[in-house]
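The values are calculated or read from the model by the stated rules, or taken from the named source; none is laboratory data. Owing to the predicted nature of the structure, the values given are computational and were not obtained by experimental measurement. Counting neighbours? That spans all protein chains shown, and the Cβs are built from the backbone with ideal geometry, glycine included. The area values use the complete protein model at the heavy-atom level, side chains included, leaving out ligands, DNA and RNA. Shrake-Rupley method; radii C 1.70, N 1.55, O 1.52, S 1.80 Å.
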Amino acid sequence: MEGQRWLPLEANPEVTNQFLKQLGLHPNWQFVDVYGMDPELLSMVPRPVCAVLLLFPITEKYEVFRTEEEEKIKSQGQDVTSSVYFMKQTISNACGTIGLIHAIANNKDKMHFESGSTLKKFLEESVSMSPEERARYLENYDAIRVTHETSAHEGQTESSSPSSSQPHSSHCRAKASSLCHHASLPWVKRNHVGPAKATSPSLRLRRWRPFLRLPSMGLHSVAPSIDEKVDLHFIALVHVDGHLYELDGRKPFPINHGETSDETLLEDAIEVCKKFMERDPDELRFNAIALSAA
């Protein structure tokens, strides 16, 4: 993508919730971690859930699938309700912000906005625009850009301890490390033996953290390079008019993944997430957060 480039936005609930608060969203809904795909781990997520954000690696396998998927839908068609709010991505590293906009815009009736909310104003002003027009409107919407940059700066941390040997990383299409059992490193797929089914592997996720956030380590904020190449991408999964939609600004249209409901959205969205993971079985860099009632 040519044109504007924003700082990558960190993929964790603290950053996303603070970002939305600064945009004037009342915290009656909050993003929370999804620690894994097993029923017992999904049961830890507060209900109801109205959206899921998935962070995943853009790989050669995925790009082949994306092209094939687009050609198939263009050939066979799909049903997409006009109620879906969808926008294209024309700003590099803005996928996190666009994912948040998709999550909130398609649940606007559930949200409470503060007086003078920047996000509410953007949504009201862009409601009748096309996906391409919304993308161009965001390019020139300084209030959201400035808030994004503030959150991107605040989300990046590093240790000032001279003994720290961990590299600095950033993400929105975030950069993450390979498989590691250290608590501060990425969300990963891993085999887990549960007490009930000793021979049944399951998928567990760990949230990526650039560094351990311990007071004794003297953390301070640092900004990643705006030109840093990142290879992860955010999408939103939302429920609109009885169907589960994947909203990805890199794609030409929403993807209808079939029927869902307010009660089953999390489980249905996780099934879609599993397909992303199954397409890249050697990849470890997957991350999910859910927008839950606070």
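In segment 25-37, is there at least one residue being of a type in the set (Phe, Trp, Tyr), surrounded by 18 or more Cβ atoms within 10 Å (Cβ to Cβ) and part of a helix (DSSP H, G or I)? Full working, then the answer.
Looking only at segment 25-37, we keep the residues that are of a type in the set (Phe, Trp, Tyr), and these are 29, 31, 35.
Still in the list and also surrounded by 18 or more Cβ atoms within 10 Å (Cβ to Cβ): 29, 31.
Going one step further and asking which of them are part of a helix (DSSP H, G or I), we end up with none.
No: segment 25-37 contains no residue that is of a type in the set (Phe, Trp, Tyr), surrounded by 18 or more Cβ atoms within 10 Å (Cβ to Cβ) and part of a helix (DSSP H, G or I).
A Cβ distance below 6 Å, combined with a sequence gap of six or more or placement on separate chains, defines the contacts here; from segment 110-129, residues that are in contact (Cβ under 8 Å) with a residue 40 or more places away in the chain reach residues that are assigned to a loop (DSSP other than H, G, I, E, B) and loosely packed, with under 12 Cβ neighbours inside 10 Å in the pairs His112/Asn28.
Examine segment 209-223 for a residue that is at pLDDT 50 or above and open to solvent by less than 50 Å² (accessible area, probe 1.4 Å), and state whether such a residue exists. No, segment 209-223 contains no residue that is at pLDDT 50 or above and open to solvent by less than 50 Å² (accessible area, probe 1.4 Å).
Conditions (1) under 24 Å from Glu283 (Cβ atoms); (2) in contact (Cβ under 8 Å) with a residue 24 or more places away in the chain, marked per residue:
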site: Leu25; (1), (2): no, yes
site: Gln30; (1), (2): no, yes
site: Leu41; (1), (2): yes, yes
site: Leu53; (1), (2): yes, yes
site: Glu60; (1), (2): yes, no
site: Glu68; (1), (2): yes, no
site: Asp79; (1), (2): no, yes
site: Met87; (1), (2): no, yes
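Taking segment 43-57 as the range and being open to solvent by 10 Å² or more (accessible area, probe 1.4 Å) and either outside any loop (DSSP other than H, G, I, E, B) or of a type in the set (Lys, Arg) (or both) as the test, only Arg47 passes. Counting only residues that are outside any loop (DSSP other than H, G, I, E, B), of a type outside the set (A, V, I, L, M) and surrounded by 14 or more Cβ atoms within 10 Å (Cβ to Cβ), segment 70-89 holds 1 of them. For segment 40-69, a residue qualifies if it is among the acidic types (Asp, Glu) and out of contact with any Gly (no Cβ under 9 Å at 6 or more places or on another chain), and the qualifying residues are Glu60, Glu63, Glu68, Glu69.
Does Glu154 satisfy the criteria of being at pLDDT below 95, under 21 Å from the mean Cα position of the chain (by Cα) and open to solvent by 80 Å² or more (accessible area, probe 1.4 Å)? Give the derivation first.
Values: at pLDDT below 95: yes; under 21 Å from the mean Cα position of the chain (by Cα): yes; open to solvent by 80 Å² or more (accessible area, probe 1.4 Å): yes.
Against the criterion (at pLDDT below 95, under 21 Å from the mean Cα position of the chain (by Cα) and open to solvent by 80 Å² or more (accessible area, probe 1.4 Å)), Glu154 qualifies.
Taken over segment 232-273, the residue count meeting the criterion of being closer than 12 Å to Val80 by Cβ, acidic (Asp, Glu) and open to solvent by 40 Å² or more (accessible area, probe 1.4 Å) is 1.
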